[in-house]
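Visitor: I'd like to ask some things about the structure below.
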Amino acid sequence: MDSFIKSAQRTFEIEAKAIGLSLKNLDAAAFERACTLVLNAAGRVIVTGVGKSGHIANKIASTLASTGTPAFFLHPAEAAHGDVGMVQREDVIIVLSKSGASDELLVLVPSLRRIGVPIVAITFAPESKLAIEARESGGAVLLLHLDEEACPHDLAPTASTTAMLVVGDALAVALLEAREFSSADFARLHPAGALGRKLTFSVADLMVSGDGVPRVKENATLNEVMMEMSRKRFGATAVVSGETLVGIITDGDLRRFFESHSTVDTSAVKAKELMFPNPRTISSTALAIEALHAMEDRIPKVMQLLVAGADGTLEGIIHIHDIVKAGIS
C-alpha cells in the first residue's frame, strides 16, 4: 500500500510540474492570437488529435461547445478518408500532438492548407512540422513544456496530456469570458440532468401564485392571520397593502409573540404589529437554485421566500420543499 501511495504522489507532482512549466512559459501573444482567431471565426472550431491526444482533443471540443464556442472533434483517420470535407475556410482547427510529427496528422495538414483554414497547434515541439505549418497558415502555436511523463519509462502520455487538457480549458474559459457567456446561456446548452435542472428551473416554474399565496391585509386580526397560515400551509403569510407587499409573518413570529404576550388581549392585535417589514424577496425570473441559496444563507435559515415584482407587487411564494422535490439541491 505504501508503494501505491508513493507512486500516486509522484504522479501528482510530475503532472503538477508540467502544468506549472507550461504556465510559466506560456507565450501570451500566441495564446491571444489563438483566442482571437476562434472568437472572430465565422465558422466552427474543429479539434483533432490522435491516440491519447485525440481523447483530450475530444474533451476540449466538448468543453468549447458547451461554453458557447461551436466546436466538434474530427478524427484524423476519418478526415483522411473524406471527413475533411467538414472543414470550411471560415473554420479554425486546433491540432494536438506532443511530438508535432504524428503521421496521421501530417497527412491531414496539406488538405487543411489548401482549404486555407488557420491551424492552432498545441504541441511540445516548437520546430516540428506541425508547428511550422501552423505558423505558416496564419494560426498560432501554443507551446507546452515537459520534463518527463509520469510513466516511469517516460513513454505513456500522462503529464503531457494533462498539460494539453489544461491549456484547452484555459482557451475555453477565456473565450467564455470574452463572449460574456452567462449562466442562462449555459442552461440553454445543458437542459438535462441535475445540472440542467439547476440552470433551467426558474422561480416562476416552482412558485405558488394567485389564490394559493398566503396573504392578509395590514389590519387583519391575529385570528385571521392564524387561519390564513393554517389554510395555506407555508408556515408564513405575506402582509399586503392593496397588492403591494409590506411585510411577512412566520410561525416563528407567532411563537415569539405568544411567549412574550401571554396576558395580552390578542383580539386587538393586528397583522401590521406582528409582521417583519420589508421582507427579503426574489424575482420570479430568478433561477430556483438562487432562491434555495437565499433561503440557506439566511440566519436562521428560512423555508420560504416571497416573490415580488420590481414595483413591490406580491406575485407568489416559493417553498424549499418544492425546490428540493424538483431535484434541485
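Visitor: Can you find, within the stretch 213-236, the residue that is surrounded by the most Cβ atoms within 10 Å (Cβ to Cβ) among those that are over 20 Å from residue 322 (Cα atoms) and β-branched (Val, Ile, Thr)?
Guide: Among residues in the stretch 213-236 that are over 20 Å from residue 322 (Cα atoms) and β-branched (Val, Ile, Thr), the one surrounded by the most Cβ atoms within 10 Å (Cβ to Cβ) is 216.
Visitor: What is the residue count in the stretch 52-67 for residues that are of a type outside the set (Val, Ile, Thr), in contact with a helix residue (DSSP H, G or I) (Cβ under 6 Å, 6 or more places away or on another chain) and either buried (at least 23 other Cβ atoms within 10 Å of the Cβ) or farther than 16 Å from residue 167 by Cα (or both)?
Guide: Matching residues across the stretch 52-67 total 2.
Visitor: So which strands (runs of 3 or more DSSP E) stay within the stretch 215-259 end to end and still have 2 or more residues that are touching a helix residue (DSSP H, G or I) at 6+ places or on another chain (Cβ under 8 Å) and closer than 12 Å to residue 273 by Cα?
Guide: Once the strands (runs of 3 or more DSSP E) in the stretch 215-259 are filtered for at least 2 residues that are touching a helix residue (DSSP H, G or I) at 6+ places or on another chain (Cβ under 8 Å) and closer than 12 Å to residue 273 by Cα, what remains is 244-250.
Visitor: Is it the case, given these coordinates, that residue 49 is open to solvent by less than 20 Å² (accessible area, probe 1.4 Å) and touching a residue at least 40 places away in the same chain (Cβ under 8 Å)?
Guide: yes
Visitor: Given (1) in contact (Cβ under 8 Å) with a residue 60 or more places away in the chain; (2) buried (at least 23 other Cβ atoms within 10 Å of the Cβ); (3) farther than 17 Å from residue 169 by Cβ, where does residue 33 come up short, assuming only one miss?
Guide: (2)
Visitor: Here's another thing I want to ask about it. Could you please find all residues in the stretch 25-61 being over 21 Å from residue 104 (Cβ atoms), assigned to a helix (DSSP H, G or I) and not acidic (Asp, Glu)?
Guide: Across the stretch 25-61, the qualifying residues are 28, 29, 30, 31, 33, 34, 35, 36, 37, 38, 39, 40.
Visitor: Failed condition for residue 181, given (1) modelled with pLDDT of 95 or more; (2) assigned to a loop (DSSP other than H, G, I, E, B); (3) among the hydrophobic types (A, V, I, L, M, F, W, C), with all others met?
Guide: If we test residue 181 against (1) modelled with pLDDT of 95 or more; (2) assigned to a loop (DSSP other than H, G, I, E, B); (3) among the hydrophobic types (A, V, I, L, M, F, W, C), just (1) comes out false.
Visitor: Another question, then. Quick check on residue 239: is it among the aliphatic types (A, V, I, L, M), under 19 Å from residue 210 (Cα atoms) and open to solvent by less than 80 Å² (accessible area, probe 1.4 Å)?
Guide: Here the answer is yes, as residue 239 does meet what is asked.
Visitor: I'm checking my understanding of the structure. Among residues of the stretch 1-14 that are open to solvent by 40 Å² or more (accessible area, probe 1.4 Å) and in contact (Cβ under 8 Å) with a residue 12 or more places away in the chain, which one is nearest to residue 125 (Cα to Cα)?
Guide: 11
Visitor: Answer with yes or no whether residue 264 is modelled with pLDDT of 95 or more, β-branched (Val, Ile, Thr) and either surrounded by 12 or more Cβ atoms within 10 Å (Cβ to Cβ) or not in a strand (DSSP E or B) (or both).
Guide: no
Visitor: Any idea which of 259, 296 is within 21 Å of residue 202 (Cα to Cα) and modelled with pLDDT under 90?
Guide: From the options 259, 296, the qualifying one is 296.
Visitor: Now a separate question. Can residue 280 be described as surrounded by 12 or more Cβ atoms within 10 Å (Cβ to Cβ), farther than 20 Å from residue 208 by Cα, out of contact with any Gly (no Cβ under 8 Å at 6 or more places or on another chain) and not hydrophobic (A, V, I, L, M, F, W, C)?
Guide: Against the criterion (surrounded by 12 or more Cβ atoms within 10 Å (Cβ to Cβ), farther than 20 Å from residue 208 by Cα, out of contact with any Gly (no Cβ under 8 Å at 6 or more places or on another chain) and not hydrophobic (A, V, I, L, M, F, W, C)), residue 280 does not qualify.
Visitor: Answer with yes or no whether residue 89 is assigned to a loop (DSSP other than H, G, I, E, B), farther than 29 Å from residue 150 by Cα and either among the basic types (Lys, Arg) or at pLDDT below 95 (or both).
Guide: Yes.
Visitor: For a quick check of your reading of the model, give me the residue pairs whose first member lies in the stretch 114-125 and is open to solvent by 20 Å² or more (accessible area, probe 1.4 Å), whose second is in a strand (DSSP E or B) and among the aliphatic types (A, V, I, L, M), with beta-carbon atoms closer than 8 Å and at least 6 apart or on different chains.
Guide: Partner pairs satisfying both residue conditions: 124/143.
Visitor: Could you please give the count of residues in the stretch 269-295 that are touching a residue at least 24 places away in the same chain (Cβ under 8 Å), within 25 Å of the chain's Cα centre (by Cα) and part of a helix (DSSP H, G or I)?
Guide: Selection size over the stretch 269-295: 6.
Visitor: Also, I was wondering about something else. Inspect the stretch 69-78 for any residue being open to solvent by less than 60 Å² (accessible area, probe 1.4 Å), in contact with a helix residue (DSSP H, G or I) (Cβ under 8 Å, 6 or more places away or on another chain), of a type outside the set (Phe, Trp, Tyr) and closer than 19 Å to residue 176 by Cβ and give the result as yes or no.
Guide: Yes, the conditions are met somewhere in the stretch 69-78.
The values are calculated or read from the model by the stated rules, or taken from the named source; none is laboratory data. Small disclaimer: the values here were computed from a predicted structure and weren't measured. Positions of Cβ are generated from backbone atoms using ideal geometry, with glycine treated the same way; all protein chains shown enter the neighbour counts. Quick note on the areas: whole protein, heavy atoms, side chains included, nothing else; ligands and nucleic acids left out. Shrake-Rupley method; radii C 1.70, N 1.55, O 1.52, S 1.80 Å.
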